[in-house]
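The values are calculated or read from the model by the stated rules, or taken from the named source; none is laboratory data. For clarity, every value in this text was computed on a predicted model and none was experimentally measured. Cβ placement follows ideal geometry from the backbone for every residue including glycine, while neighbour counts extend to all protein chains displayed.
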Amino acid sequence: MVLFRSLATVGGLTMVSRVLGFVRDILIALVLGAGPVADAFFVAFRFPNLFRRLFAEGAFNSAFVPLFARRLEEDGREAARRFAEQALAVLLTALLALTVLAQIAMPWLMMLIAPGFAEEPAKFDLAVQLTQITFPYLLFMSLIALQSGVLNSLHRFGHAAAAPILLNIVMILALAVVAPLTGMPGHVLAWAVAVAGICQFLWLVAACHRAGMALHLPMPRLTPPVRRLLRLMGPGVLGAGVMQINLLVGTIIATLQPGAVSYLYYADRIYQLPLGVIGAAVGVVLLPELTRSLRANRPAAAMDSMNRCLEFALLLTLPAAAALIAIPGPIISVLFERGAFDAAAAEATTLALAAFATGLPAYVLVKALAPAFFAREDTATPFRFGAISVVANVVLSLLLFQVFAFVGIALATAIASWINVGLLAWRLHRSGFLKTDARLRERLPRTLVCSLVMGGALWVAAELLEPALAGPLPLAAAALAVLVFGGMGLFGGLALACGALKADEFRQLLRRRQRTA
């Protein structure tokens with residue numbers, strides 16, 4: 001249950017961040033809608049986010065955490081600290097160089113990431129400006145990834161999980177207070193992203209200091225441990241960031257259709273709530289847990305951690321996917337349909353959300369399966385499977401875009417993610433690193449049945465509540481709350497009744513216990 005409590009800590013704080021993210025996105029939809037400024041900002045926001053998730057949270061984290069945890073387990077805190085400081089110096093130097101080059105080359109880079117904007121010079125120029133403002137966010141978030149890896153390896157998950165809350169608070173304040181005074185909401189949002197990166201970095205500097213792991217900045221040197229880190233990072237760029245590359249591919253193709261970038265962004269934000277809460281919790285907690293179990297020669301404990309994380313992930317993602325497929329329309333219309341975000345934009349975003357939701361369990365399962373490779377310092381295998389997934393996504397996106405427009409991009413992302421899951425699970429099982437235990441095999445079918453029943457009930461309830469959902473905002477919000485909380489209550493009751501979840505486990509998960517350092 002210590003593992004589940006760690007998952008609950010990260011998941012709970014991520015939930016707070018995602019709820020604030022909803023508030024932020026509601027304000028963005030109100031102010032920007034799905035027009036040219038929104039398209040330009042979303043491209044500007046996604047570009048540094050892509051690099052952050054590939055090189056920082058993805059490749060760097062998947063390579064750094066096992067190496068740091070290994071030194072912590074075998075050589076002690078001081079050796080681990082020295083390795084972290086060496087990695088910090090090299091990472092900062094490389095990122096400063098990358099940031100300078102990106103600022104200079106941004107007009108040419110924009111031709112690659114948003115080719116459809118070239119037909120609208122004003123939108124293209126605005127996207128270049130906003131991306132130049134937001135790009136330094138990558139620098140700070142990469143440093144934050146290192147700090148988070150240090151804290152997570154020490155089993156201090158709270159501060160790193162809380163850091164994204166600062167991003168949403170800064171952006172909400174910028175939209176609510178600064179944007180009305182300037183009349184330039186796109187520029188205000190871009191500057192808010194940069195400022196939020198600084199705030200998050202300082203937050204984790206203080207957290208590392210309190211954890212007794214304050215990091216200093218030595219001269220950058222390619223020491224043998226750092227070279228090992230870089231070798232592992234190479235294939236990890238794709239292996240840990242397949243979904244982000246797939247989303248970028250979708251964004252590039254979506255720029256060919258006006259408004260499509262915005263539709264996909266708003267749909268992405270909705271399914272990112274369960275993905276962020278569950279996927280982040282599983283990925284953040286499982287990697288150091290597996291690494292330390294394997295280094296301590298406890299393979300049974302590592303296998304149990306894998307099974308419990310899979311159980312946890314599917315217990316939450318299957319009902320979430322069922323709900324998003326059953327009632328995407330009410331969710332989008334109640335949250336976003338006002339101001340500059342009209343009914344046509346809501347209908348288009350609804351279709352994208354339903355398509356994305358078909359891949360939600362796969363997005364999270366990748367987070368649960370990949371750490372089994374990373375903990376063994378194997379980044380090459382996820383890289384190869386990730387390459388296959390990306391190629392499949394590109395081909396499917398181009399084909400399905402011709403038939404279903406932007407909805408085809410969302411479907412391609414979901415299908416490619418399931419391909420990646422199948423390949424990862426197959427290789428782990430064949431290598432003997434993934435053996436489902438009796439508890440998982442017993443509970444998974446029950447979870448699936450409960451999710452399907454809940455999804456059907458939600459669809460019927462949405463039809464009955466349609467007049468209320470189409471009414472004034474307070475009434476519509478109340479009706480949506482009835483659907484959401486009613487669905488959660490129904491699934492919880494069914495899960496407890498059929499044994500997909502045990503009452504004593506649920507009570508233990510919620511019970512606050514004193515944790516040792």
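Could you please let me know if ALA495 is surrounded by fewer than 16 Cβ atoms within 10 Å (Cβ to Cβ), touching a residue at least 60 places away in the same chain (Cβ under 8 Å), in a helix (DSSP H, G or I) and of a type in the set (A, V, I, L, M)? Answer is no for this residue. Across segment 363-407, the number of residues qualifying as polar (S, T, N, Q), in a helix (DSSP H, G or I) and in contact with a Gly (Cβ under 9 Å, 6 or more places away or on another chain) comes to 4.
Of all residues in segment 423-465 being among the small types (Gly, Ala, Ser) and closer than 16 Å to ARG308 by Cα, which is modelled with the highest pLDDT? So the residue we want is ALA425. Would you check if there is a residue in segment 368-380 being closer than 26 Å to ILE113 by Cα and buried (at least 18 other Cβ atoms within 10 Å of the Cβ)? The answer is no, given that none of the residues of segment 368-380 is closer than 26 Å to ILE113 by Cα and buried (at least 18 other Cβ atoms within 10 Å of the Cβ). Is there a residue being crowded, with 24+ Cβ neighbours inside 10 Å and of a type outside the set (Gly, Ala, Ser) anywhere in segment 400-410? Yes: segment 400-410 contains one or more residues that are crowded, with 24+ Cβ neighbours inside 10 Å and of a type outside the set (Gly, Ala, Ser).
Do we find a residue being assigned to a helix (DSSP H, G or I), under 15 Å from LEU27 (Cβ atoms) and modelled with pLDDT of 90 or more anywhere in segment 178-186? Scanning segment 178-186, I find no residue that is assigned to a helix (DSSP H, G or I), under 15 Å from LEU27 (Cβ atoms) and modelled with pLDDT of 90 or more, so the answer is no.
Remark: VAL128 falls outside the filter, which requires a residue to be assigned to a helix (DSSP H, G or I), out of contact with any Ser or Thr (no Cβ under 6 Å at 6 or more places or on another chain), surrounded by fewer than 17 Cβ atoms within 10 Å (Cβ to Cβ) and β-branched (Val, Ile, Thr).
Figure legend. Inter-residue proximity from segment 84-98: first residues over 14 Å from MET219 (Cβ atoms), second residues buried (at least 20 other Cβ atoms within 10 Å of the Cβ) and among the β-branched types (Val, Ile, Thr), beta-carbon distance below 7 Å, spacing 6+ or different chains. Indicated pairs: ALA84/VAL150. Criterion first (touching a helix residue (DSSP H, G or I) at 6+ places or on another chain (Cβ under 8 Å), assigned to a helix (DSSP H, G or I) and without any contact (Cβ under 8 Å) to a residue 24 or more places away in the chain) does VAL195 satisfy it? No: the conditions fail for VAL195.
Checking the structure you have, find out if any residue of segment 201-224 is among the β-branched types (Val, Ile, Thr) and not in a helix (DSSP H, G or I). Among the residues of segment 201-224, at least one is among the β-branched types (Val, Ile, Thr) and not in a helix (DSSP H, G or I), which makes the answer yes.
Within segment 339-349, does at least one residue satisfy the condition of being at pLDDT 85 or above and either under 28 Å from HIS155 (Cα atoms) or not in a helix (DSSP H, G or I) (or both)? No, segment 339-349 contains no residue that is at pLDDT 85 or above and either under 28 Å from HIS155 (Cα atoms) or not in a helix (DSSP H, G or I) (or both). Checking segment 313-333 against the condition returns a match, with at least one residue being crowded, with 24+ Cβ neighbours inside 10 Å and outside any helix (DSSP H, G or I).
Cβ-Cβ distances below 8 Å connect the following pairs, each with a first residue in segment 58-78 that is among the basic types (Lys, Arg), a second residue that is modelled with pLDDT under 80, and a separation of six or more residues or different chains: ARG70/THR291; ARG70/ARG295.
Within segment 354-362, is there a residue that is in a loop (DSSP other than H, G, I, E, B) and at pLDDT below 85? Within segment 354-362, not a single residue is in a loop (DSSP other than H, G, I, E, B) and at pLDDT below 85.
Just wondering, is there one or more residues in segment 427-439 that are surrounded by 18 or more Cβ atoms within 10 Å (Cβ to Cβ), among the small types (Gly, Ala, Ser) and not in a loop (DSSP other than H, G, I, E, B)? No; the residues of segment 427-439 include none that is surrounded by 18 or more Cβ atoms within 10 Å (Cβ to Cβ), among the small types (Gly, Ala, Ser) and not in a loop (DSSP other than H, G, I, E, B).
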